[in-house]
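Derivation of every value follows stated rules applied to the coordinates shown; laboratory data play no part. Please read these numbers as outputs of a predicted model, since none were measured by experiment. No Cβ is skipped: glycine too gets one built from the backbone with ideal geometry, and neighbour counts run over all protein chains shown.
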Amino acid sequence: MQPLIDNARAFGQRPEEFTGLAAGQSPAVLFITCSDSRVVPALITGARPGELFELRTAGNIVPPYASGTPTGEAATIEYAVEVLGVGDVVVCGHSHCGAVGALVRGDDLSAVPAVRDWLAHAADEPRSSDPADPAVAEAVQNHVLTQLLRLRSYPCVEKRLAEGRLRLHGWYYEVGTGAVREHRPDTDAFEAL
């Protein structure tokens, strides 16, 4: 913890770098990714403060839209699209994802009921031809596509897509190499950016 505290102290010693941020935010991208500590959106993208609006959930899950039951995830998506007017949304899964791996393997999650119940929001169980693969690459990529479909069901997203004012992207980040692949609809494959 001490290195983090030391960095936080030094971080606050450069106010000139942050003064403009107090006036407001206008990020261009909503970046939806996993809560995993190895996935750092600003590091992956090179974004500076104010350039990404982030939504991090266990397993980068986009829960079903339900207007009668507001969730923090739905509020974040709606705010990014309607208020901030982001032009792009990235759903980024990653290799070695514990959440997707648990779903693929059918792990017993009874000791962590909140995790078990959250993972039930994953929609379809991610498919994998090799459930023993520790990277669960195929399953994570399928899971990203499922979350993109789920995202399309949000009224604000559906509206902006129809207006041509929003683009959706599916990314796969390889933890061990730093490589990023994007889903290409024309080939239905994840290819290097």
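Structure data summary
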{"quantity": "Gyration tensor verdict on region 133-193 (Cα atoms; rounded if a/c is under 1.5, prolate if a/b is larger than b/c, oblate otherwise)", "calculated": "prolate"}
{"quantity": "Highest-first arrangement of 143-155, 56-68, where packing means the average Cβ count within 10 Å", "calculated": "143-155, 56-68"}
{"quantity": "Helix-only [θ]222 nm of the chain, DSSP H runs n ≥ 4, -39500 (n - 2.57) each, per residue, nearest 500", "calculated": "-9000 deg cm²/dmol"}
{"quantity": "Note, ³J(HN,Hα) from phi for region 88-100, Karplus 6.51, -1.76, 1.60, rounded to Hz, x at Gly and Pro", "calculated": "9, 10, 10, 9, 10, x, 8, 5, 6, 6, x, 5, 5"}
{"quantity": "FRET efficiency, 1/(1 + (r/R0)^6) with R0 22 Å, evaluated for A114 and T69 via beta carbons", "calculated": "0.85"}
{"quantity": "Relative exposure of C34, C97, C156, judged by other C-beta atoms within 10 Å (fewest first)", "calculated": "C156, C34, C97"}
{"quantity": "Size of charge dipole - the chain - debye, nearest 20, with Cβ of Lys, Arg +1 and Asp, Glu -1, no other charges", "calculated": "340"}
{"quantity": "In Hz, Karplus ³J(HN,Hα) per residue of region 77-87 (6.51, -1.76, 1.60; θ = phi - 60°; x = Gly, Pro)", "calculated": "4, 4, 4, 4, 7, 7, 8, 7, x, 4, x"}
{"quantity": "Theoretical gain in end-to-end length, D188 to E17 [0.36 nm per residue, Cα-Cα removed]", "calculated": "57.4 nm"}
{"quantity": "Rg and Dmax [Cα atoms of the chain; Å; Rg one decimal, Dmax integer]", "calculated": "17.6, 52"}
